[in-house]
Each structure stands twice: as structure tokens, then as C-alpha cells.
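Here's the structure we're looking at; comments come further down.
The values are calculated or read from the model by the stated rules, or taken from the named source; none is laboratory data. For clarity, every value in this text was computed on a predicted model and none was experimentally measured. As a convention, Cβ positions derive from the backbone with ideal geometry for all residues, glycine included, and neighbour counts pool all protein chains shown.
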Amino acid sequence: MFKVLASYQLAKKSTMWWKPTVWVLFCCFTLLPPQSDSVAVMSVDLGSEWMKIAIVKPGVPMEIVLNKESRRKTPVAVCLKEQERLFGDGALGVSVKNPKVVYRYLQDLLGKRKDNPLIALYQKRFPEHQLEEEEKRGTVFFKNNEEMQYSPEEILGMVLNYSRSLAQDFAEQPIKDAVITVPAFFNQAERRAVLQAAQMADLKVLQLINDNTAVALNYGVFRRKDINSTAQNVMFYDMGSGSTVATIVMYQTVKTKDSGTQPQLQIRGVGFDRTLGGFEMELRLRDHLAKLFNGQKKTKKDVRENARAMAKLLKEAQRLKVVLSANAEHTAQVEGLLDDIDFKAKVTRAEFEALCSDLFDRVAGPVQEALSSAEMSMDEVDQVILVGGATRVPKVQEVLLKAVGKEELGKNINADEAAAMGAVYQAAALSKAFKVKPFLVRDAAMFPIQVEFTRETEEEEGAKTLKHNKRILFQRMAPYPQRKVITFNRYMDDFVFNVNYGDLTFLSTQDLRMFGSQNLTTVKLTGVGSSFKKHTDAESKGIKAHFNMDESGVLLLDRVESVFETIVEEKEEESTLTKLGNTISSLFGGGSSEPSVNASEPVQDEEEIPPETGKEEEDQSQKEDKPTQEEKQEGTEKAEGEAQGEEKTKADGAKADAKSDSQDEKEGSKSEEKKQSEEEGKTEEKKEDKKAKPQKRTKISDEIGVELQVNDVLDPASEQIESSKKKLQDLTDRDLEKQEREKALNSLEAFIFETQDKLYQEEYQAVVSEEEKEQISGKLSEASNWMDEDGYAASTKELKEKLLELKKTCKAMFFRVEERRKWPDRLAALDSMLNHSAFFLKSARLIPEDEQIFTEVELKTLEKVINETTTWKNETVAEQEKRASTERPVLLSKDIESKLALLDREVNYLLNKAKFVKPKPKPRAKDKNSTSTDNGKANSTEADAEKVIPPKEEDSPEKAPEAPDDVKPGEEPPTAENAGEETKEDSQSEETSDTEPSENNKSENHLGDEL
């Protein structure tokens, strides 16, 4: 029997080709998550010159996305023509020919007013662009013509939308959630600008993560085992294309309430230089090459006045910088630079270093700033690791190594992709669809933020003066996300306060000018006076403003509330029996008493801002923000006095009761009226005792109206956001329509040329008549002529209709060819299946009668299917041979596959029955001394054994072996030697109930149902 099974399995494996769709679907469903929606997430490392994209999806953990050119990084460049839009390398290619329509290096324009020095610097670097000022917001926008006007946020939205399309093509599923990296020195206006760009692109931002934090996270995730309770300080020096940032990160394991001991990174210090990067070096090289070309005097024109020629020199300078990092000298050359004149000149590394000498002097600046903000020395830093493409310049490494005083610089991290990989890990951690190992991240705010307000104060002489107060909300390098609460105690009517940046003296004068406005928001509160009028009987606890700096480093004012405290009588404490009775009654439908949530209580992670104790405001802040020491002592003495009064009242009442009882014993002859009056007196005393109940303080909060006035850079109105979203969506639809038309055009061209070629191939000539060939050839020639005249200007619909018409004409020819290709394999598979099925049937009939497991009906059914299939095959093949090759065939591949499936199903049914059947128990040996009664029992036992009924476990010490659960249809069954081997524990775990069917019966019933 086992040989029969094995032989059929081999035959079946050889014919598995006819079930490819089933196997493909099975593999796909095993990879897909149970959720119906998309669960993939992405990250975008948004740099000045390049962006790197990474994704996480089920089965693909943390992978860098390849763009259409199969590159791992994509230029941040957008080409905007009237009827065309290009991204990445395609846009860079246009920048050399027409730099006016290509927009790059957008980071310097985000969240900036027109008077910002960075705007002027951008205009100097790219004079071909026309930047205009927006009237309402004071920001800038690109003006190509009256119809093509785009803000930097809109162009960045296009870039983000393009990055999502690349990620979706790579992940093969839609993606909506993303984590985007931003420079650590981005202020509030710049961070909001990135969020606005993502909103225009309809991209959900899980978090804006600082690029240095993303790098540190990637470094820590892959070195989790090296992190312990001992703090390790690592400096990451990141010099990119546009800026330089030095970051000190502390790695350490910490204990958490939820997940135990986990690794954590904490940003200790950050230093930066906004304009120090590789792009400035390339600009110096470009200007040097322009000077060399003008010095050759091959033309009277100045190359610096030609935007196209300067774009060519910039491209050559970028290549030259990379080559000089590995070579001492190199020859720069540009064909047809100006007036078809070629340019060629030798440049040495020494010349390059001399051009950028002042830039190299600024390399050590961010390191010193990072140490200063962290209040550390270089001796406390264990390692310095290089990040960013510009750190590959040898002179940068030389100057930096000397500045940090280390033996060597760490290069054990991918300088280009570390930020993207760290950000996508954070995206997976924030997504609900993935579960990653926890890695705690404590980022730090670079710029302090404070609250400022002005209030009238009375001097000793009675004169009123205005006093300006400041409260620090977030210190420099304060960790976030974090919530803070600040309380105003002296206001009883509507008032105004400001949220501004704190002390920024650590920035240079130039950095302060680039930083922009130091005023963030003016907050106007309404409804303060009405809340006080509403709660005149309650004690005011001040106006509380709840601030939140979220995971993206953006400051938000959650709410403002007016808090009061009132005194209510506390209910008497119930006895244990009373509480138990109330609990039982509530279980059977009694009244429910849910605990109320007090809105005035702060959230767990909120921190109350303590009052400042400076000399100039010490007395005032003490009065405003917390009770004085004398008030505390006075309140304590008052509480102690009340407690002593209650104890004295109770003692006096007890003495009066004792005295009255003794008088009743001595004077037993008192009248009933006197006793009644004494009892009434006692009752009144008890009522007075009951009135002295304990008191409880309850907080009441009222929502205060808030009106925000942005003072740094105005956010675009909601209507403007929607207009930008529609503008970007229209451009996307136009691009998709263009791609669809190009696809239809290419498909039509390819079909015409391929089909014309096929008409001369042997296998096509064999199935097509001369008349049909002429008809098809004429249709193809007609379509080709139409393509030359009108096809390239036709719409997508017309192209698709023309292709559909041609396919309909050639459908019969293609069908005949395809059937003839399939016949040999299909017929061979059918013959093999028939042979093995017949062998299986013959072997099954040879099984001895006492071991036979198949019924006669089952075997005859299989025999009938084999005979009918054989007859159908012989008749159909014979009829097909009589037909001409140009006629429609009667032998169809789908009919052969149908016969194969029917035959396979019948044999599979018998195979499954053979796999899960129980062997019959052997009859017991007959005892010589047994009586006739024993003989009768033995005979009955033998008769029962023929019924193949498994004995109950309590009747027989040995249990018949069952088919193992892990044996599936189509697998090799266990051999006879190991079929009965099972441990004692296994036999005990396989006990079945008398009322439930055994696993064998379940399997047989299931297979029967399927049949």
C-alpha cells in the first residue's frame, strides 16, 4: 500500500504545473497581513540635495527603496514645465539645459520671510529664479510666469508625493504613513512648513524626527547588546550638502514600568552651522572653473553671465569634488561650454583646499557648541562617528580629528542611509501594524521657549506700575515630547500673554538673523471674568495653560482653563456590611456610581511650572504662585485647633451623659416629665454632634476661550491649503494621464511591429490561411499609416480602441497557435496520470480481502473515470487529426486540464482514505485449556475485529495507532516500522471522548464531504 502511495505522489508532483494559480495565491496570502488595509510605512530622509526613502512592510523589514533608475538615493529636484513635470535625475538632466525651470535646495526657503539672509543667499546662488514676496504671510514663492507660481511648501509637497509613489511601487501596496527627517536646528516655523507640505501631499506624518536623532537610533538599534547601565557618550558629526550638525548622544539602559529594562538614547548636546556643507565647496569650485575659462580668453563673453554655462560648470564641480577626495589632481572638462567652445583645465587638491580654507576653519565650531550645550568635555566622549557625504573630503577629516583629539574617527556607519533607516525603525514603532523591540528616544529642543506677560503692580507709595514677567516653559536642550502647565494667579479678567523664544545669546549675530522672528505667539484669553462671576463662592486656583511639545518638536497650546476649589461636606463612612450590601444590589441592577474625571487634574506627564525665585521677582512670585510659609503654618494651626475642638466637644458630652446616669440611679423617684425633658436634651446634643461633619475640597474647572496670533511666520489659511492640495492633485492627474497615454501608444506600436513579424514565422504561417493573412496584414498596415499621420496626437481612448480592434482581428490566429503550443505538455501529463491511476487501481485490487480498505463501489468509480478519460482522449485526438490546422481546434487545453483535475480528485479521495485508516487488530492466541465459553468469546472477538472498530481505551491496555496530525494530503505517510511508535505521554494526550468522533472519523467525514 505504501508503495502505491509513493508512486502516485511522484506522478502527481510531475503534473503540478496545471495548478500554478493555486500555488501563487497561497504564497501571496501567507505573506499578506490579516488586515484589509495597507500596513506598510515609510521614512523620508529629506536632505538638502538628496533624499533617501525606506519602507517596512510584512516580510520586508527596513529596506531602502530603489528609484526608477535603480539608485538608492534620489536628488531633491523638481522640473516644472508647462506640460511636463520631472523629478530626481530627470529634473537634474533638464537643469543643465534649462536651469530656470528646475527647483532645488528648498530647505533654505521653508518658514522664512523675504527679509531673511538665507533668502538673499539663495537668490545669489540661483539667480535664474524669480522669488516674489507673498503679501499676507511675508514668505516667498517662485514665479515662472503668471500661471506657474509655486511656494516652497508646494514644491516640497510634490517631492514628498513623488517619494511616496516610489515607495508604493517598491512595496507594491499603498502607503499613507511616514516619518520625515528634518535638521535639528529647524525652529517652530520651519517644522510647521514641513508639516504643511506633507498635508498638501496628503501624506500622514507620524513624526518629524531630527536627522541626528534618526542616525543615533539606527546606530543604537544594531548595537543593542553593547548598551548597558553604564553611560556611553558618542558624538555624531554630520556634514551634508547644505549644513553641518554635531550631536552628543548618551546610550544607557533604563528601567521602565511597562517593559522592564530597555536601552535608551538621550540627546545631550547639539552644535550646528547652517551654511557649512559640501554645496558651498562645489560653488567655490564652480567659480574657480569659471575664472579659469575666462582666463583662457577663447571668447569675449563672460561665462558667469550665462546661466546655462554656469549650470554645466556646477555639475562638473560636483564630480570634481568627489574625484579630488581620492586623487591629488584631476582634469576638469566640459564640452561646448559657451559658444560651442570646449573647456579643459587641471585642478589640484591643494588648490581646492585653498579655495575652501575659511570653510575648513569652521569645521570645529559645531563640536565646541555641542560640548558647551551638553556641559561636557571632549574627554567624556567615547567616540566620534562621521555621517554625511561631505565628511569624505580628506581635509574635513584632518581638521576634525585634530579638533576632537581622538586617535581616529569612526566610519562604522552608512553615512548616506543611517538617517533613513533610523527613521523607518521609528515609523514601525509608531505604527500599530508592527511590533518592534523598544528603544527609548529622548530628543532635545535646541531653542528655549518662555511665556511673557505684563501686569500692574502696586508700589509701597500706592502708585501702580507695569511689570514684565517671564516664565521659562522649556529650557535649552529640554527633552521632548513633554507637557507643561503654567498658572496665572493674579488675573480675574480677560488678559493677554506671549509665547516667545528664550535666551538665544549662544547664537552668533548672523545665526540670529537667519533664525528669524524670536516671537512665536500672542495668546488672547476670553471668558476669564465670566468664570469668576460664575464661581463667586469658590476659591480661585488660577488660570492654567496646558502646553505640549509633541514628538515632532512642535509646540502646541492644548487648552486653557480656570480652576476653582470649593468645600463640600463629606458623606459619613459606611460600615462594611452596608458597603457589601450596596455592592450586591448594584450587581443585580442597582444604581451605578462611576467615578467622575476632574478636568482640572493634570495629565500624568504634565509638569507644573514652578515659580521663579529671582531677586527681582522673588516676593511677587511667592505671592502669586504658592502660599507663603506663614500661610502654611497658619493653616496647620487652624486645622489642629479644629481637631482639638471636636475632641473637647465629644469629651464634654460623655461627661454629661455619665453624670445624668448617676443621678438617675440615686433619685429613682423622679417624675416621668423630668425624665422626658432630659431625654429631649440628649437628643438635641446628638443632633449638634451630627452637624460637625468632616469637609472635602473639590476642584471645578471652566474652559477659557483662546485666540492665537502667530508672530513668526503665518500659517497658510485652510482655504489656501485646500487650493494647494487641488493644484498638486491636478498636476498628479496630468502626469498619470500622460503616463497612461504613453503606455497606450507604446503598446499599440509594439503590437503592430510584433504582429507583422509573426506573420512570417513558421508556427503562425501553419495556422493561418492566405485570405486571413492578407486581412490581418492589411489591418496592420492601415494602423501603421494612421500612427504616422494622426496617432501621435491621438487621445488615450483612441489609441486603446485602435489596439483593441487589432487584437480582435488577430484573436483567432493567436488562439490556434497558443493551443498547439500547449498540446504536447498537456497530453503527456494526461497519459502519465492515466498510467499511474491505472497502476494504482490494479494495486488496490490486489490487496488481500482481509486487509482491503476500499469498497467495490469506490474502485469501480475510479475505473469508470479512467475508462471515460481514455476514451475521450483517443476520440478527441483522432478527430483533431482530421481537422485542418487553419480551423478552430476541438482538442482544447482547458478540457485536458478538466480531465486531469477529475482524475486527480478521484485518486486523492482513495489516497486520503488509505492514509487515515486504522489497521485491524490481530486476533488473540487461543489458549489450550480454554473452555467452550472461552472459545465462544474468542470467536465473537474475531468477528468484532473484522468490523474495524477501534477498542475503547478503558477496555484495552493498548491503543491502536492513529494517523499523526501533521500528515497532510499529498505528504509521505509514516512507514510501517514507526507507525506504531509513540511515547506514553503521546498516548495519554490522544484520549477521545465516547460521545465525540475520533480524529480518523473526522478526517474521513471531511474528505467525504469534499468529494
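Things worth noting here:
- Members of the stretch 692-741 found to be in a strand (DSSP E or B) and either surrounded by fewer than 16 Cβ atoms within 10 Å (Cβ to Cβ) or without any contact (Cβ under 8 Å) to a residue 40 or more places away in the chain (or both), listed by number: 695, 696, 697, 698, 699, 703, 705, 706, 707, 708, 709
- Checklist (1) closer than 30 Å to residue 325 by Cβ; (2) crowded, with 23+ Cβ neighbours inside 10 Å applied to residue 275, failing item: (2)
- Test set (1) surrounded by fewer than 17 Cβ atoms within 10 Å (Cβ to Cβ); (2) of a type outside the set (Gly, Ala, Ser); (3) part of a helix (DSSP H, G or I) - residue 847 fails condition number: (3)
- Filtered residue count, the stretch 82-91, keeping only those that are crowded, with 17+ Cβ neighbours inside 10 Å and in contact (Cβ under 8 Å) with a residue 60 or more places away in the chain: 3
- Any hit, the stretch 81-102, residues being assigned by TED's automatic domain parsing to the domain that holds residue 189, touching a helix residue (DSSP H, G or I) at 6+ places or on another chain (Cβ under 7 Å) and closer than 30 Å to residue 712 by Cβ: yes
- Output for the stretch 199-212, where each listed residue is over 18 Å from residue 426 (Cα atoms) and in contact with a Leu (Cβ under 9 Å, 6 or more places away or on another chain): 200, 201, 202
- Check on residue 210, of a type in the set (S, T, N, Q), in contact (Cβ under 8 Å) with a residue 60 or more places away in the chain and over 18 Å from residue 481 (Cβ atoms): no
- Residue list for the stretch 394-408, filter: surrounded by fewer than 16 Cβ atoms within 10 Å (Cβ to Cβ) and part of a loop (DSSP other than H, G, I, E, B): 405, 407, 408
- One residue alone among 462, 405, 389, 410 is modelled with pLDDT under 95 and under 30 Å from residue 259 (Cβ atoms), and that residue is 410.
- Any hit, the stretch 857-864, residues being aliphatic (A, V, I, L, M), surrounded by fewer than 13 Cβ atoms within 10 Å (Cβ to Cβ) and at pLDDT 90 or above: yes
- Hey, residue 304 at negative phi, touching a helix residue (DSSP H, G or I) at 6+ places or on another chain (Cβ under 6 Å) and surrounded by 14 or more Cβ atoms within 10 Å (Cβ to Cβ) or not: yes
- Restricting attention to the stretch 543-560, the residues being closer than 16 Å to residue 487 by Cα and buried (at least 18 other Cβ atoms within 10 Å of the Cβ) number 6.
- Residue list for the stretch 35-50, restricted to those being surrounded by fewer than 24 Cβ atoms within 10 Å (Cβ to Cβ) and either in contact (Cβ under 8 Å) with a residue 60 or more places away in the chain or part of a strand (DSSP E or B) (or both): 35, 38, 39, 48, 49, 50
- Scanning the stretch 520-573 for residues that are among the β-branched types (Val, Ile, Thr) and in contact (Cβ under 8 Å) with a residue 60 or more places away in the chain returns 521, 522, 523, 526, 528, 543, 554, 560, 563, 566, 567, 568.
- Pairs, first without any contact (Cβ under 8 Å) to a residue 12 or more places away in the chain in the stretch 327-356, second in a helix (DSSP H, G or I), C-beta under 7 Å, six or more apart: none
- Residue 240 being within 23 Å of residue 507 (Cβ to Cβ), of a type outside the set (Lys, Arg) and modelled with pLDDT under 95: yes
- Criterion (assigned by TED's automatic domain parsing to the domain that holds residue 135, of a type outside the set (S, T, N, Q) and more than 24 Å from residue 207 (Cβ to Cβ)) met by exactly one of 106, 66: 66
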